Amino acid sequence: MMGRPGTSTIPEYTSLTPDALDALERAVRERRRVALRRRGTEYVVVAERLETVARDEALQGRLPMTGELLAFPLHDLESFAVLP
């Protein structure tokens with residue numbers, strides 16, 4: 001995807017490649033915001049941790065407006081991007 005000169009694009013991941021998992025792990029370490037889409041709904045959460053639940057990995061993210069902690073199984077994600 002080409003952006004305007006002088007602007008950077010934010011990588012959007014649509015599959016769980018090693019690069020995508022590295023980006024999520026970095027987001028958790030740095031407490032970065034992650035924009036994600038699950039079942040057609042978009043969320044922006046602050047990454048808290050990655051955990052294994054019943055043999056499946058999930059991203060735990062906190063909604064900035066309410067402080068609610070939500071779990072997003074990685075296999076349910078349609079796409080995600082780690083925000084600057």
5 Å-binned pair-distance histogram of the chain (Cα, whole percent): 3, 15, 26, 27, 16, 8, 4, 1, 0, 0
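May I ask you to compute the full-extension gain from Thr52 to Glu25, defined as 0.36 nm times their residue separation minus their alpha-carbon distance, rounded to one decimal in nm? Please list the in-between numbers first.
Numbers: separation 27, 0.36 × 27 = 9.72 nm, distance 1.32 nm.
Between Thr52 and Glu25, full extension yields an extra 8.4 nm.
Arrange the peptides 71-77, 53-59 so that the one whose residues have, on average, the most other Cβ atoms within 10 Å appears first.
Details: 71-77: 15.1, 53-59: 12.7.
So the peptides 71-77, 53-59, ranked by packing, come out 71-77, 53-59.
Could you list Thr14, Thr52 in order of exposure, starting from the residue whose Cβ has the fewest other Cβ atoms within 10 Å? Kindly include the intermediate steps, with their values, before the conclusion.
Working: Thr14 11, Thr52 8.
Ordered from fewest to most neighbouring Cβ atoms within 10 Å, Thr14, Thr52 come out as Thr52, Thr14.
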Neighbour-count ranking [beta-carbon atoms within 10 angstrom, fewest first] of Ser79, Ser15: Ser15, Ser79
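Set the Förster distance to 41 Å, then compute FRET efficiency between Glu68 and Ser15 from the Cβ-Cβ distance, nearest 0.05. Mind dumping the intermediate values first?
Values: r = 27 Å, r/R0 = 0.67.
So the FRET efficiency works out to roughly 0.90.
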Using alpha-carbon coordinates, inclination of helix 18-30 to the longest axis of the chain, degrees: 80
q = 0.16, 0.25, 0.29 Å⁻¹: log10 I(q)/I(0) that the Debye formula gives for region 36-82, counting C-alpha atoms only: -0.39, -0.94, -1.17
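Where a number appears in this text, it was derived from the coordinates with a stated rule and is not lab data. It should be emphasised that the depicted structure is a prediction, and the values quoted were computed from it without experimental measurement. Positions of Cβ are generated from backbone atoms using ideal geometry, with glycine treated the same way; all protein chains shown enter the neighbour counts.
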